[in-house]
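A quick write-up on the structure given underneath.
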Amino acid sequence: MANKRLFFWLAILLLIPFGQSSCTVETAHAPVDELTETPTAVPTATFAPNTAVVFKRSGGIAGVEEEWTIFTDGRIQTNTTIQPRLSTENVSQLLASLDSTGFFSLSEAYLPEDSCCDRFLYEITAVKETTFYTVTTLEDTPDMPESLQQTLRLIQNTLFADNNQ
């Protein structure tokens, strides 16, 4: 009896044509004209209260990642062993000098087409009133504006005056 049932089911299976199915599955799709792109949030930098200047230096032969945050009261937070000390007057003078060099009217980036070869990447953020301005550049960028060169010298002289960096 079991052999007859097995034979019956084998015969039925052999009679069903392969590759054809009487069942179809449809996938629901939204109409193309209703698709809209969802905007992606762009992260924004946040700064601690009373931040005056943030100076970042990365790259070079050693591949450093250094950052100094200068606060309006003269405190400096850094991830390096270079721990300069500034007074409130030094910070005010630094911000006034950045303004006089033209830092706050520079473009966001001055980067060469060829970024090759162990140069420092600099990112400078400074506050004027309540607005933060950030400029990024690579060491020895051709056609770097003189005001940006002055800004780099000014900040480095302020931070590294006693450290030969």
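The values are calculated or read from the model by the stated rules, or taken from the named source; none is laboratory data. Keep in mind it's a predicted model, so treat the numbers as computed, not measured. We place every Cβ from the backbone using ideal geometry, glycine too, and count neighbours over all the protein chains shown.
Of all residues in the range 122-137, count the ones that are free of Cβ contacts under 8 Å to residues at least 40 places away in the same chain and either surrounded by 15 or more Cβ atoms within 10 Å (Cβ to Cβ) or not acidic (Asp, Glu) (or both).
Taking the range 122-137 as the starting set, the residues that turn out to be free of Cβ contacts under 8 Å to residues at least 40 places away in the same chain are 128-131, 133, 135-137.
Of the ones still in play, those that are also either surrounded by 15 or more Cβ atoms within 10 Å (Cβ to Cβ) or not acidic (Asp, Glu) (or both) are 128, 130-131, 133, 135-137.
Residues in the range 122-137 being free of Cβ contacts under 8 Å to residues at least 40 places away in the same chain and either surrounded by 15 or more Cβ atoms within 10 Å (Cβ to Cβ) or not acidic (Asp, Glu) (or both): 7 in total.
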Exercise. Identify all residues within the range 65-75 that are outside any loop (DSSP other than H, G, I, E, B), without any contact (Cβ under 8 Å) to a residue 24 or more places away in the chain and not hydroxyl-bearing (Ser, Thr, Tyr); write none if there are none.
Key: 65, 66, 67, 71
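Can you tell which of 80, 151 is modelled with pLDDT of 95 or more and touching a strand residue (DSSP E or B) at 6+ places or on another chain (Cβ under 8 Å)?
Details: 80 fails: modelled with pLDDT of 95 or more.
That would be 151, the only listed residue that is modelled with pLDDT of 95 or more and touching a strand residue (DSSP E or B) at 6+ places or on another chain (Cβ under 8 Å).
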Exercise. Quick one: count up the residues across the range 122-165 that are under 18 Å from residue 68 (Cα atoms), β-branched (Val, Ile, Thr) and within 24 Å of the chain's Cα centre (by Cα).
Key: 9
Quiz item: How many of the residues making up the range 72-94 are surrounded by 14 or more Cβ atoms within 10 Å (Cβ to Cβ) and under 24 Å from the mean Cα position of the chain (by Cα)?
Solution: 3
Exercise. Might you check whether a residue that is within 21 Å of the chain's Cα centre (by Cα), at pLDDT below 65 and among the small types (Gly, Ala, Ser) occurs anywhere in the range 61-71?
Key: no
Quiz item: Which residues, taken from the range 110-121, are in contact (Cβ under 8 Å) with a residue 60 or more places away in the chain and more than 26 Å from residue 71 (Cβ to Cβ)?
Solution: 119
Quiz item: If you take the residues in the range 89-112 that are of a type in the set (A, V, I, L, M) and part of a helix (DSSP H, G or I), which one is nearest to residue 140 (Cα to Cα)?
Solution: 98
